[in-house]
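What follows is a short report on a single structure.
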């Protein structure tokens with residue numbers, strides 16, 4: 001589902017979006033704005049996760065799995081060559 005909204009942005013932002021669309025950076029204005037909003041959502045989620053990690057510290061229940069995976073990654077990827 002999609003919702004149509006109307007927003008007003010400064011001329012220079014609209015010109016920037018239009019230039020990016022013209023260069024092929026996005027199919028249209030909608031795709032450009034949607035991509036920018038999705039990128040900001042991911043950035044905000046990452047910042048929230050980083051804050052939680054700072055406050056609570058790292059969980060160590062997966063440390064042994066990480067160490068095991070790190071030791072095996074070179075042999076796993078060499079099989080792909």
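Taking residues in region 34-54 that are closer than 23 Å to residue 5 by Cα, and partners anywhere that are surrounded by 10 or more Cβ atoms within 10 Å (Cβ to Cβ), the pairs with Cβ atoms closer than 7 Å and at least 6 places apart or on different chains are 35/26. Elements of the type helices (runs of 4 or more DSSP H) sitting completely within the chain and holding at least 3 residues that are at pLDDT below 85, surrounded by 10 or more Cβ atoms within 10 Å (Cβ to Cβ) and on the phi > 0 side of the Ramachandran plot: there are none.
The values are calculated or read from the model by the stated rules, or taken from the named source; none is laboratory data. Worth saying up front: this structure is predicted, and the values here are computed from it rather than measured. No Cβ is skipped: glycine too gets one built from the backbone with ideal geometry, and neighbour counts run over all protein chains shown.
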